[in-house]
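Structure first, commentary second.
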Ligand code: BG6
């Protein structure tokens, strides 16, 4: 179902028979909402999000491509998040357990203007699907369609903003003892110590070669988000905290308390594709009552 969203921008609404739903804006190929079958929102979206090109929507799941962050010469996080994507009305087959209403394929191809900024031809297919249990699945397929014989390289992230009740009550599991780059400390390499990660100040770290499963445990809500990823070795963890929050025009001063970005990404070792080659990066998100997770 395609409807008009904020500022008249088109959005696709996905619904799964048991009641879960998701919303995807064509602007940015951007998931802005994911609700479980009790209609509880699971993603953070800023009250000050602008929904106005060229600013990316603040919250949900921005797609960072062809560049993550400032790791290159392009604009921060690349341009995919502020381009208009189109819907593929004749998509390739989908898994048998997913109903027609519960998935959409969006396509991004370079415009003439884009080709001036990043001189490559590609097709980026983003499939957003809701699984029968309300899981949100994102699959990106990026193909090099250059006809000049040239390979290209890119970095990438699903910049997911999770909605949490209180950041100081949140713990992330799966990143302990890993190496990371710290954006707040001149990109030096560090090794994480100790137990699960907790939050008491600004954080902006890129964990390297992370396991395929990461958990975000929200004690107050008694909810655990589980990320499962494939083709996405790195994981960015970001919370701007109070000072940076105040400096962002599209983010409320206190909103940092209710969000945490954990971003399945490819940052340290860019992907290189020769003409005709395709890369696939998959992220599966589930939200479960914390008690279900004990003993895992
Ligand atoms: C994170 C980066 O992924 O995104 C941070 O690691 C950055 O450095 C943040 O501040 C938000 O970026 P933006 O461009 O959406 O404000």
Being away from the ligand (no atom under 12 Å from the Cβ), over 12 Å from the mean Cα position of the chain (by Cα), buried (at least 19 other Cβ atoms within 10 Å of the Cβ) and in a strand (DSSP E or B) is the filter here; which residues of region 225-265 pass it?
225, 226
Go through (1) surrounded by fewer than 17 Cβ atoms within 10 Å (Cβ to Cβ); (2) in contact (Cβ under 8 Å) with a residue 12 or more places away in the chain; (3) farther than 20 Å from residue 276 by Cβ for residue 98 and report which single condition fails.
(1)
Return the only residue of 226, 262, 237, 266 being over 14 Å from residue 162 (Cβ atoms), in contact with a strand residue (DSSP E or B) (Cβ under 6 Å, 6 or more places away or on another chain) and at pLDDT 95 or above.
266
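Scan region 208-215 and tell me whether some residue there is within 16 Å of the ligand (Cβ to nearest atom), buried (at least 16 other Cβ atoms within 10 Å of the Cβ) and in a loop (DSSP other than H, G, I, E, B).
yes
Rundown of residues vs (1) crowded, with 19+ Cβ neighbours inside 10 Å; (2) modelled with pLDDT of 95 or more, yes/no style:
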site: 125; (1), (2): yes, yes
site: 145; (1), (2): no, yes
site: 148; (1), (2): no, no
site: 152; (1), (2): yes, yes
When restricted to 84, 68, 79, the only residue buried (at least 20 other Cβ atoms within 10 Å of the Cβ), touching a strand residue (DSSP E or B) at 6+ places or on another chain (Cβ under 9 Å) and under 18 Å from residue 24 (Cα atoms) is 79
What strands (runs of 3 or more DSSP E) lie completely within region 157-207 and have 2 or more residues being surrounded by 15 or more Cβ atoms within 10 Å (Cβ to Cβ)?
161-163, 170-173, 179-182, 203-207
Here are 66, 62: which of them is modelled with pLDDT of 95 or more, within 15 Å of the chain's Cα centre (by Cα) and within 17 Å of residue 12 (Cα to Cα)?
62
Residue pairs meeting the criteria (Cβ under 7 Å; at least 6 apart or on separate chains; first within 8 Å of the ligand (Cβ to nearest atom), in region 60-83; second at pLDDT below 95):
76/70
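The values are calculated or read from the model by the stated rules, or taken from the named source; none is laboratory data. This one's a predicted model, so the numbers in the text were calculated from it and none came from an experiment. Note that each Cβ is placed from the backbone with ideal geometry, even for glycine, and that neighbours are counted across all protein chains shown.
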